[in-house]
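Notes for the one structure printed next.
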Amino acid sequence: MTARHILLLAPLLLLLAVAYLLPFLGVMQWSVTLPEPGLGQYAAALTDPLVLGVIWRTIRICVMVTVLSVAAAYVMTLIWVRGGPVARVVIELCILIPFWISVLTRAFGWLALLSNKGILNTWLQHLGILSEPLTLVRNEFGVVVGMVHFLIPFAVFPLASSMRAVDERVLMAARSMGASRARIFWQVFVPMTRGGILGAVLLVFVFALGFFITPAILGGGRSVMVAELIYLRIFQSPDWGLGAAISVILMVTVGALLALMLRQVRGADR
């Protein structure tokens, strides 16, 4: 990178430093100074059963959301990249329309659809399929549904880039060797899109770790995740030191995951 490139990037780097680095350094200061100097808040965060329970719940939900989002996005992307004209238009609408709707609106939409007196339960009861409404929100199921719906479009783009880079000649060679469609897909096409899969997994998992609005609304306080716990510690307890320590742990975790996954993606591309 030349001095000219660094000069061009300087305004962006300055903006990032002011908008993200300085506030994060302030949070780090809180974590080791409030309510008293030391690393006591980190010890509390890593030993408190409540905090550990929230962390493990967050990891569990994020893993489920990542698997479901990437799997659904892979199917959608495959149709988008290799399907017919009509199918491509439909998939494009399914991908683009969610970006035009705010996350808050989508969360309340799922609440209206899945709540005990929501559209789905009301229809099923009127049809005689159910005698009692299903509990589909204020639990992990509702949180996972809302998060998957939000994150699928984000997983599509790295997958689409990877799929469009697949060399058709390799697929034709496999077909000429007598391989079935299923075998070509699983043993040739999927391995060739490994970089896109890893990129989608990275993107979705990191986004899911920091989710706040959707779990707060659809979880109803019964499926608290790390971001919501930080909010509660900072604004409602208030326990700024512990909230800051959890924030730092979350940021370090995200940074480590980014470094690991980017390394894997680069290895897959090579």
With 0.36 nm assigned to each residue of separation and the Cα-Cα distance removed, Ala182 to Arg60 gains 40.8 nm
Residue-span extension gain [Ser131 to Leu22] - 0.36 nm each, minus C-alpha spacing: 33.7 nm
What's log10 of I(q)/I(0) for the stretch 40-116 at q = 0.13, 0.21, 0.22, 0.26 Å⁻¹, Debye sum over Cα points only, no solvent? -0.67, -1.04, -1.06, -1.12
Pop out the carbon and sulfur fraction of the accessible area of the stretch 143-220 as a percent, whole number, probe 1.4 Å. 66
Stretched out fully, how many nm does the piece from Leu13 to Leu262 gain, at 0.36 nm a residue minus the Cα gap? 87.6 nm
Counting only heavy atoms of protein chains, what accessible area per residue, in Å², does the stretch 1-111 have with a probe of 1.4 Å? 65
Any idea which of Leu209, Thr193, Ala160 is furthest toward the positive side of the dipole for the stretch 89-221, if Lys and Arg beta-carbons carry +1 and Asp and Glu beta-carbons -1? Thr193
What is the dipole size for the chain, taken about its Cα centre, with +1 at each Lys and Arg Cβ and -1 at each Asp and Glu Cβ, in debye to the nearest 20? 940
The chain: calculated mean residue ellipticity at 222 nm from DSSP helix runs of at least 4, using -39500 (n - 2.57): -24000 deg cm²/dmol
What does the charge dipole of the stretch 196-270 about its Cα centre add up to, to the nearest 20 debye, if the Cβ of each Lys and Arg holds +1 and the Cβ of each Asp and Glu holds -1? 220
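The values are calculated or read from the model by the stated rules, or taken from the named source; none is laboratory data. All of these numbers come straight from a predicted model, not from anything done at the bench. Methodologically, a virtual Cβ is constructed for each residue, glycine included, from the backbone with ideal geometry; neighbour enumeration extends over all protein chains shown. For the accessible areas, the whole protein counts, side chains as well, though only heavy atoms, and no ligand, DNA or RNA atoms are used. Shrake-Rupley method; radii C 1.70, N 1.55, O 1.52, S 1.80 Å.
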